[in-house]
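What follows is a set of notes on a single structure, which appears directly below.
Just so it is clear, none of the values below were taken in a lab; they were calculated from the coordinates. Predicted model, so just to flag it, every value in this text is computed and none were measured. FYI the Cβ positions are ideal-geometry reconstructions off the backbone, even for glycines, and counts take in every protein chain you see.
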Amino acid sequence: MTEPRWSVSCNDPFGRDRALTVLVEDERIVLVPPAGAAAVLSAQQARRLGLTLDQAAVRAQDRRAG
């Protein structure tokens with residue numbers, strides 16, 4: 001089974017389109033930043049990241065319980 005994975009769009013400091021990847025690995029949540037290790041998020045993108053992290057936390061908790 002593949003690990004749960006989400007992608008949240010963002011920009012790098014130079015305005016180029018990038019993405020943050022959110023993974024659930026065992027009981028942990030992993031954030032993979034775009035190349036250059038910087039992400040610039042709008043308010044809407046930050047809300048999307050928050051929702052994505054909530055989903056990942058539920059998955060991680062389910063793995064711990066199961």
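The table below gives the values:
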| read-out | value |
| --- | --- |
| Gain on full stretching of the segment that runs from GLU27 to SER9 - 0.36 nm per residue minus C-alpha separation | 4.1 nm |
| Principal-axis tilt of helix 43-65 within the chain, Cα atoms, nearest 10 degrees | 20 |
| Projected label distance in nm at ALA65 and ARG16, using a 7 Å step from Cα toward the beta-carbon | 4.2 |
| Quarter of the Cα convex hull surface for segment 5-65, i.e. its orientation-mean projected area (nm²) | 3.8 |
